[in-house]
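The values are calculated or read from the model by the stated rules, or taken from the named source; none is laboratory data. Quick caveat: nothing in here was measured; it's all calculated off a predicted structure. Surface areas here come from the heavy atoms of the whole protein model, side chains and all, with no ligands, DNA or RNA. Shrake-Rupley method; radii C 1.70, N 1.55, O 1.52, S 1.80 Å.
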Amino acid sequence: AAVAHYQATGKRTMLDVATKLADLLVREFLNGPRKEVPGHQEVEIGLVRLYRVTGTQAYLDLARHFLTARGRADGRQLYGEYAQDHLPLVAQTKAVGHAVRAGYLYTAMADVAAITGETTFDAALDAIWADCVGTKLHITGGIGALASNEGFGDSYDLPNEGAYLETCAAIANCLWNQRMFLRSGSSAPIDVLERTLYNGVLAGVSLGGDRFFYPNPLACDGVRPFNHGTLGRAPWFGCACCPVNVARFLPSIAGYLYATSPSTIYANLYVSSEASIELGGSEVRLTQRSEFPWSGRVSITVDPDQERSFTLAVRIPGWVRGRPVPSDLYGYLTRASGAGPTPQLMWVVSVNGEPLNTPKLDNGYVPITRVWKKGDVVGIAFPMEPRRVVARDEVTADRGRVALECGPLVYCVEGTDVASGVRLGEVLLSDDAPISSVGRPDLVPGVPEMRALALSAARSSGGGLLPIDVTAIPYFVWANRDVGEMRVWLPRDAQGVDRFAPNNLASTLVASASHCYEGDTVRAVNDGRVPTSKADESIARLTFWPHKGSAEAPSNEWVEYRWNAPTEIATSTIHFFDDTGRGGGCGLPSTWRLLIEQNGQWVPLTTTATMDADGVVKASFAKATTSALRLEVTLAKDRSAGVLEWTVD
């Protein structure tokens, strides 16, 4: 904060305080007895920035010391994999642990490497980056898929509805990839930065700028309060890192547009702007006019303070060149070639209206070397057309599914844009369905939507799938109207649509419960979503967490349906939740029973069912007429319990 304040105002008010603190850290940790390393790795980035402003070598040395001491049990206890403190950094090859901590740590590693020219961390940085971009990056650029550790999971573990993808982690991913570019000169990290910026970061703040996402899932059932207890965007959080991180990051984007080497200016991001850049002891002014990302038309007016020769390297994004990301994790789908790298779209780079003849790419850039004169104009034209994206088959959450893109933007479908009576989970998008891009003035002026002829898994009277019109909007603007279902990945055929329970006597009721964990919802028990297993974490659930059972004092919990009038019932199906196989605390209940209300008393029903190994109960009983039905469970010792779906007929 002190460095930013100094750079913005020229005042040392905060900077002097920060240097005193940094001097204390140098005395205690670099030159003194303290052996600890940071538990939440951010100070390293601050120390590097402070070094850039002050030139004080000790600040850079301390940042490097914190990096080299990490993972080494030298007079201290290691924090473990969660804080990337399980191995020395030079021995790490996988993106692991808490994603925000990781992103900041990897940023500092690349910072130190870029500034010093040292190769100490090069092999580790390249391996970790390749692991992340190749196996742990969501199509939106989000990282940190798992809520359990707010961080990375196993390779290709990229859930959609349950994805965490903290806004802070997206920002950290941008910081890291910008530094990876600075140390390499390759455009590949900028491809990741651009994708993350336009999707993973912008999704974290509403169009009004006053409501926020902490996690950013790629699907929403319109039921689960996924946003730290809120369904949809929240005005604030108890842990308020994400809103203020957005406020910190957005003003810094100007610093990501360009970069320089001794004789080259790199144009990385296409944003309307004016820039004054020092190159080789003189000034070059650049005026950029861009319609990005809605259109691929960009012009850059070059105004050197004197006629001079240098290179302007303009970036040709990976999505133009047939690669959504710089790995084979995702590929574009074409009818001719199937999934994978596709031919380049026809892009054009011109100088003063004359297209360059057979421009050659160097690390993803078109280098234009010439004697530049005041008023020279570089024109860039990128084709913007809707495209289908598919994931590697190892990504089970996206197997048999397709996502939509246009330029750097990922699109999604919201339930509010699907025909009335059709659930979004029933919608599929076949490979031959036509897609078009049109304007959307009623959502955001100038923001294009996509329209496609999709199919509903609901059957017509003739037995075929019902055709429906589907509208897709940029992912970053979802949940700005109402909050309901949302999907980025749509099934390509009927095999991939969600399983829904048939309408039953409980479908329209408002359930109640003895207790529900704040991150879950009672609405889950009759939302119609049928789980694939007792451990299905992709759908909403009711759990009694943190309530647990004990042998000494058995704990009973309940869920209840209540009708407006006496109703005849005869069967009930219950899907219990059990995540103990994934290290969770919810197991199957020790016992369960159904009770009906009669004359103000709860009377147990005699049923003929038992619970199967997957936690499913299909109960039949003598027909009974009642106004209320209760499911009562006894929690197992040291375990909580939960319900995924409960139907009544």
All alpha-carbon distances of the range 150-213, grouped into 5 Å bins from 0, give the whole-percent distribution 4, 17, 20, 22, 20, 11, 5, 1
Over the range 237-388, the quotient of the Cα radius of gyration and 2.2 N^0.38 Å is 1.20
With a 1.4 angstrom probe the carbon and sulfur portion of accessible area for the chain, in percent, totals 50
Partner lysines whose C-alpha sits under 29 Å from that of residue 623, ignoring same-chain residues fewer than 8 away, are 534
Heavy-atom accessible area of residue 294, protein chains in place, probe 1.4 angstrom, given in Å² to nearest 10, is 90
In Å³ per residue, the alpha-carbon convex hull of the chain encloses 184
Using alpha-carbon coordinates alone, the radius of gyration and Dmax of the range 224-299 in Å work out to 18.5, 57
Kirkwood radius from Cα pairs of the range 480-559 plugged into Stokes-Einstein at 37 °C, 0.692 mPa s, gives D in µm²/s equal to 215
With every protein chain kept in place and a 1.4 Å probe, the chain has an accessible area per residue in Å² of 41
Ignoring ligands and nucleic acids, residue 394 exposes an accessible area, probe 1.4 Å, in Å² to the nearest 10, of 80
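Top to bottom by accessible area (1.4 Å), largest first, where do 558, 489 land? Spell out each step's value before the answer.
Working: 558 65, 489 5 Å².
Per-residue accessible area, sorted high to low, gives 558, 489.
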Rh_Kirkwood(the range 28-156) over Cα pairs, Å, one decimal, evaluates to 15.1
Dividing the helical contributions, -39500 (n - 2.57) per DSSP H run of n ≥ 4, by the residues of the chain yields a 222 nm value, nearest 500 deg cm²/dmol, of -5500 deg cm²/dmol
Of all DSSP beta bridges with both partners in the range 495-649, the antiparallel percent, nearest 5, is 95
Taking every DSSP bridge whose two residues both lie in the chain, the antiparallel percent to the nearest 5 is 95
Projected area averaged over all directions for the convex hull of the alpha carbon atoms of the range 466-526, nm², comes out at 6.9
In cubic angstrom per residue, the convex hull of the range 534-649 built on its Cα atoms measures 110
Rounded to the nearest 10 Å², the 1.4 Å probe accessible area of residue 5 is 60
Taking alpha-carbon centroids only, the range 188-213 lies from the range 71-137 a number of Å equal to 24
Semi-axes (Å, rounded, descending) of the ellipsoid equivalent to the range 94-140 per its C-alpha gyration tensor are 20, 12, 9
The lysines whose Cα lies under 25 Å from the Cα of residue 373, excluding any fewer than 8 residues away in the same chain, are 360
Cα extents of the range 386-523 per principal axis, largest first, Å, are 49, 38, 34
Taking a straight Cα-to-Cα line shorter than 17 Å from residue 136, and setting aside same-chain lysines fewer than 8 residues away, one finds 94
For the range 174-179, Karplus-derived ³J(HN,Hα) couplings (6.51, -1.76, 1.60; θ = phi - 60°; whole Hz; x for glycine and proline) come out as 5, 4, 4, 6, 5, 5
One computes Rg over Rh for the range 250-339 from alpha-carbon atoms, with the Kirkwood Rh, and obtains 1.08
